[in-house]
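Encoded as structure tokens, the structure appears first; notes follow it.
Just so you know, all these numbers are worked out from the coordinates, no wet-lab data involved. Note that the structure is predicted; figures quoted are calculated from it, not measured. A quick note on method: Cβ atoms are made from the backbone with ideal geometry, for glycine too, and the neighbour counts reach across all protein chains shown.
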Amino acid sequence: MNILVCISHVPDTTSKINFIEANTVFESRDVQYVINPNDEFGLTRAIWFKEKLGAQVHIIHVGTPKSDPTLRKCLAIGADKAFRINTPALDGVSVAQELAAFVKSNPYDLIIAGRESIDYNGAMVPGMLAALLDIPFVPNCVGLDIDGTTAVAEREIDGGREKLKGSLPMVIGCQKGLVEESDLRIPNMRGIMQARQKPFEIVPPQEAIAATQDVKFEKPAEKAEVKLVPAEDLDQLIDLLHKEANVL
Amino acid sequence: MSVLIIVESENKLLKRNAAEVASYGVAFAEKLNISCAALAFHATNANELGQYGVAKVIHVSNVSTHFDANAYANAIHGFASQNNVTHIIMGSSADAKFIAPLLAAKLNAGYAPNVIALPDELSPITVKRTAFTNKAFVHTQLLTACTVIGVGNNAFGVIENPVTCTVKEVDAENSDSNLEQVAIEKTTGKATIADADVVVSGGRGLKGPENWHLIEELAEVLDAATACSKPVSDMGWRSHDEHVGQTGKPVSTNLYIAIGISGAIQHLAGVNSSKVKVVINNDPDAPFFKAADYGVVGDAFEVVPKLTQKLKAFKALA
Ligand SMILES: Cc1cc2nc3c(=O)[nH]c(=O)nc-3n(C[C@H](O)[C@H](O)[C@H](O)COP(=O)(O)OP(=O)(O)OC[C@H]3O[C@@H](n4cnc5c(N)ncnc54)[C@H](O)[C@@H]3O)c2cc1C
Ligand SMILES: Nc1ncnc2c1ncn2[C@@H]1O[C@H](COP(=O)(O)O)[C@@H](O)[C@H]1O
């Protein structure tokens with residue numbers, strides 16, 4: 001079985017978010033980039049399939065050489081081969097088109113992506129990819145079992161879960177729950193050394209056209225000082241929530 | 001050119017967020033000066049959208065009664081392409097976010113999720129939306145002729161604007177489903193994080209799962225959904241689907257009450273877009289107070305039961 005894991009490379013969760021050039025560009029200086037947390041859950045599950053079922057695990061990323069350390073880390077964790085489609089990730093549509101073109105000429109049994117990337121929170125690449133390939137898609141995936149040619153994938157819905165069955169190939173958009181935090185792997189020395197020998201292919205882009213463009217950023221307005229209410233006077237809190245905040 | 005508003009239903013009735021999505025769609029169409037209609041699947045009360053300015057509803061009932069993303073996306077796509085629909089307005093539920101990218105790919109449309117306001121420019125259409133998990137906003141231009149816009153929960157609000165509403169039954173082209181529903185589990189009768197107006201959330205400060213009745217009782221009085229911080233779900237005190245934050249569910253309710261939660265940046269990122277935040281914490285230096293509107297410095301084990309009692313009395317009078 002061949003599994004492709006789509007990796008997006010995002011600012012670490014503790015990053016301060018700032019903008020430059022009159023708020024038109026994200027300030028990436030001093031920002032630590034990491035594997036998108038949702039993708040790391042997916043990669044971990046893929047490596048589990050590799051160990052249990054002998055699957056081959058490839059990773060793919062649409063982006064510039066700046067992402068290479070993130071991709072090397074995926075190899076160190078256990079992926080067998082990396083592909084980078086060599087073009088900046090412009091928007092969800094163009095990334096999905098680049099990925100779809102790649103998969104059309106390099107078929108996989110299962111394509112694992114993250115629920116969303118934590119920078120632009122688009123949650124669009126995996127669904128668009130599935131639609132472009134005309135194969136099933138399960139988002140918010142928290143459970144996955146594969147049986148030969150079919151997969152049963154569980155997705156989180158508002159207030160519950162739904163189990164869906166479909167034939168492979170399939171795209172899933174996964175999140176925590178597919179594996180737990182304690183299952184995540186930290187690359188060890190051996191993994192890091194091995195990663196240097198693993199194949200890393202640079203793929204020429206299709207030059208897909210973006211459908212959207214981010215033109216300006218804004219930071220939320222500074223919050224007014226919190227109003228503290230003494231613990232002995234909760235009536236005051238109820239009064240404030242009722243009359244001032246209008247939420248009761 | 002026209003606007004199509006996709007509203008969701010459950011158990012044959014419109015979902016709560018239909019009012020907000022409809023309000024946005026109607027205002028959006030007005031701003032562009034083009035016509036609009038709403039499309040609903042299996043909603044017996046679809047005519048109630050008239051309350052929010054929708055004069056025309058397309059009602060589809062010849063598709064699967066349970067939500068089937070691919071079939072629903074095909075049905076919407078078929079209708080949209082035959083009726084010169086150029087802008088599709090949807091919500092931000094798990095189901096809406098399932099359909100939207102499928103639909104955008106089929107329609108060759110640009111898709112902007114988590115939109116919080118009407119377009120600030122019309123050519124090209126430019127919308128403001130949340131990004132970096134609520135740590136910032138971005139203005140996104142949609143460069144395609146056809147667009148899909150996902151409206152954030154509780155971002156735009158509901159606008160009452162009663163008009164006469166006609167519901168037209170339309171048959172969708174039938175399409176094969178590529179997924180079979182094997183099972184569905186749903187907590188019934190309880191507000192969900194996505195749907196609720198109020199969320200009551202507990203953190204590690206509650207010491208253990210045996211104390212969660214404090215959260216549940218407060219939530220019950222407020223008709224609120226319950227939520228928790230990540231360590232609480234990691235330790236298995238609460239189920240994973242209650243975990244909110246940057247790596248969990250986003251919360252954008254009118255009122256978010258955080259109890260025994262320190263306010264780490266990853267937690268705040270997921271709840272920042274809630275309108276009013278109340279923090280109860282025994283440490284006056286807890287970072288959450290900086291992000292809160294109202295705060296009580298005190299022991300949750302004393303404050304919460306008292307607050308629940310007082311709210312009960314308040315609600316009884318109201
Ligand atoms: C990659 C990554 C992603 C993450 N994503 C998320 C996420 O999505 N969501 C999330 O929540 N966290 C996330 N975290 C974890 C986050 O950094 C914090 O560790 C977590 O939010 C802390 O949870 P807490 O506030 O419940 O616990 P603590 O930080 O332990 O805080 C407990 C609080 O309770 C208070 N307290 C103690 N006793 C009482 C009492 N009797 N009465 C009142 N108050 C009391 C304390 O003063 C303290 O402020 C993430 C971390 C990483 C590294
Ligand atoms: N540039 C990219 N290259 C490869 N995969 C990506 C890229 N951007 C997003 N993805 C995948 O799509 C998922 C959802 O991302 P997004 O649609 O940007 O929220 C991510 O978790 C990745 O698995």
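Just a few scattered comments:
- Using alpha carbons only: equivalent-ellipsoid semi-axes of the range B:1-86, gyration tensor based, whole Å: 20, 16, 9
- The value obtained for the range A:152-202, namely the Cα convex hull volume divided by the number of residues, is 145 Å³ per residue.
- Here the range A:1-136 yields Rg over Rh of 0.97, to two decimals, using C-alpha coordinates and the Kirkwood radius.
- Selection from B:G25, A:T87, B:C36, by position along the positive dipole direction of the protein assembly as shown (Cβ): A:T87
- Lys, Arg +1 and Asp, Glu -1 on Cβ, resulting dipole of chain A about Cα centre, debye, nearest 20: 1160 debye
- Of B:A316, B:I159, A:L71, farthest towards positive along the dipole that unit charges on Lys, Arg, Asp, Glu beta carbons give the protein assembly as shown: A:L71
- Placing R0 at 35 angstrom, the Cβ-Cβ distance between A:T14 and B:S175 gives a FRET efficiency of 0.20 after rounding to 0.05.
- Annotation for B:S81 and A:K219: the two label points, set 7 Å from Cα along the Cα-Cβ direction, are 4.6 nm apart.
- Per-residue Cβ neighbour counts within 10 Å put B:R238, A:R190, A:R185 in the sequence A:R190, A:R185, B:R238, beginning with the fewest.
- Computed FRET value (nearest 0.05) for A:D183 with A:N2, which takes r as the C-beta separation and R₀ as 22 Å: 0.50
- Unit charges on C-beta of K, R, D, E only; dipole of the protein assembly as shown, Debye: 880 debye
- Cα Rg, Dmax (largest Cα-Cα span) when computed across chain B, Å: 20.9, 61
- For the range B:2-170, the fraction of alpha-carbon pairs in successive 5 Å shells from zero, as %: 2, 9, 20, 24, 22, 14, 6, 2, 0
- Whole-Hz couplings from phi, Karplus 6.51/-1.76/1.60, listed for the range A:221-226; x for Gly and Pro: 4, 4, 6, 5, 3, 5
- Split chain B at each of the GluC sites (Glu not before Pro) in a DSSP loop with at most 16 other beta carbon atoms within 10 Å, and the longest piece is B:1-159.
- Dipole size of the range B:19-170 about its Cα centre, with +1 on Lys/Arg Cβ and -1 on Asp/Glu Cβ: approximately 300 debye, rounded to the nearest 20.
- For the protein assembly as shown, the spread of Cα coordinates along the three principal axes comes to 67, 61, 51 Å, biggest extent given first.
- In chain A, the sites counted are GluC sites (Glu not before Pro) in DSSP loop states with at most 16 other Cβ atoms within 10 Å, and the longest stretch holding none of them, exclusive of the sites, is A:28-179.
- Full extension of the chain between B:E160 and B:H213 gives 15.4 nm of extra length, using 0.36 nm per residue less the Cα-Cα distance.
- Comparing the range A:68-196 with the 2.2 N^0.38 Å rule of thumb, its C-alpha radius of gyration ratio is 1.11 (two decimals).
- Note on the protein assembly as shown: antiparallel DSSP beta bridges, both residues inside, total approximately 35 percent of the bridges counted.
- Computed [θ] at 222 nm, deg cm²/dmol, chain A (DSSP H ≥ 4; -39,500 (n - 2.57); rounded to nearest 500): -8000 deg cm²/dmol
- Rounded FRET efficiency, nearest 0.05, which uses the C-beta distance separating A:R190 from B:E30 and R0 of 51 Å: 0.20
- Among B:H59, B:H213, sorting on how many other beta-carbon atoms sit within 10 Å of each Cβ, with the fewest leading, yields B:H213, B:H59.
- Beta bridges assigned by DSSP with both partners in the range A:1-146 are antiparallel in approximately 25 percent of cases.
- Where N is the number of residues in chain A, Cα Rg divided by 2.2 N^0.38 Å: 1.18
- Among the trypsin sites (Lys or Arg not before Pro) in the range B:1-87, those located in a DSSP loop and surrounded by at most 15 other Cβ atoms within 10 Å of their own Cβ are B:K12.
- Summarised as an ellipsoid, the range B:71-114 has semi-axes of 16, 11, 9 Å, derived from the eigenvalues of the Cα gyration tensor scaled by 5 and square-rooted, with the largest first.
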